[in-house]
1. Could you pull out the residue among ASP91, ASP57, ASP95 that is modelled with pLDDT under 95 and either more than 17 Å from the chain's Cα centre (by Cα) or at positive phi (or both)?
2. Among the candidates THR41, THR64, THR55, which residue alone is surrounded by 14 or more Cβ atoms within 10 Å (Cβ to Cβ) and free of Cβ contacts under 8 Å to residues at least 12 places away in the same chain?
3. Of all residues in region 90-130, count the ones that are within 18 Å of ASN44 (Cα to Cα) and of a type outside the set (S, T, N, Q).
4. Go through region 120-168 and report how many residues are farther than 12 Å from ILE93 by Cβ and either modelled with pLDDT of 95 or more or within 15 Å of the chain's Cα centre (by Cα) (or both).
Amino acid sequence: MFNSIKRYSALMISVLLMCMLFGCGKKNSQELSDYKENMTTFYNKLSYYDTEINTIDPEGEDATAQLLLLMDQMNEAYKLMADYQVPEEFDSIADISKEAADYMQSANEYYHLAYDGEFDENNEDLARQYYERANSRVQVMLQVLHGEIPEGDNVIVTTQEAGQFSTIGDD
């Protein structure tokens, strides 16, 4: 039941570690500082949710309720992240952050459909796919924030100007 979520444990931990290296030497504008602080908070929350999900006893009586509560909270964190004012230095990831939030919203909805009431494997599979897409967007964002050229499955980079990257979705 929780295997699809637990597989991303290593990803979330690596995201947190990479976030600690966030200081890229860009302009020290207040907007940039605020964004970095907000994104650090976001990545810390993801790490927390990952840890909490992995501590759920799948055989526990309230395991499903715990999972869905954590997914609801994670969904809210993604919504907040998508609303952060993206500084000019990182405007190439503004759309990606909104995509990540949209995918997380869909994942959350499908997890509820899968686990509220009788278990539905098809909805769990859809939820997992949306969850993976949300996480892949977060990984691309992190790569851009670190000044790297994004890599990954279904990521296509088109260089528009130095430091600006675009992706084509994997719908």
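1. On the way: ASP57 fails: modelled with pLDDT under 95; ASP95 fails: either more than 17 Å from the chain's Cα centre (by Cα) or at positive phi (or both).
Of ASP91, ASP57, ASP95, the one residue that is modelled with pLDDT under 95 and either more than 17 Å from the chain's Cα centre (by Cα) or at positive phi (or both) is ASP91.
2. On the way: THR64 fails: free of Cβ contacts under 8 Å to residues at least 12 places away in the same chain; THR55 fails: surrounded by 14 or more Cβ atoms within 10 Å (Cβ to Cβ).
Selected residue: THR41, the only one of THR41, THR64, THR55 that is surrounded by 14 or more Cβ atoms within 10 Å (Cβ to Cβ) and free of Cβ contacts under 8 Å to residues at least 12 places away in the same chain.
3. From region 90-130, those within 18 Å of ASN44 (Cα to Cα) are 97, 100-101, 104; that's our starting set.
Those left that are additionally of a type outside the set (S, T, N, Q): 100-101, 104.
So the answer is 3.
4. The number of residues fulfilling the criteria is 18.
Residue-wise test of (1) at pLDDT below 95; (2) of a type in the set (A, V, I, L, M, F, W, C).
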| position | (1), (2) |
| --- | --- |
| SER4 | yes, no |
| ARG7 | yes, no |
| LEU11 | yes, yes |
| PHE22 | yes, yes |
| GLU31 | yes, no |
| ASP34 | yes, no |
| LEU67 | no, yes |
| GLU76 | no, no |
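The values are calculated or read from the model by the stated rules, or taken from the named source; none is laboratory data. Predicted model only: the values in this text are computed from it and were never measured. With ideal geometry, Cβ positions are generated from the backbone for all residues, glycine too; neighbour counts draw on all protein chains shown.
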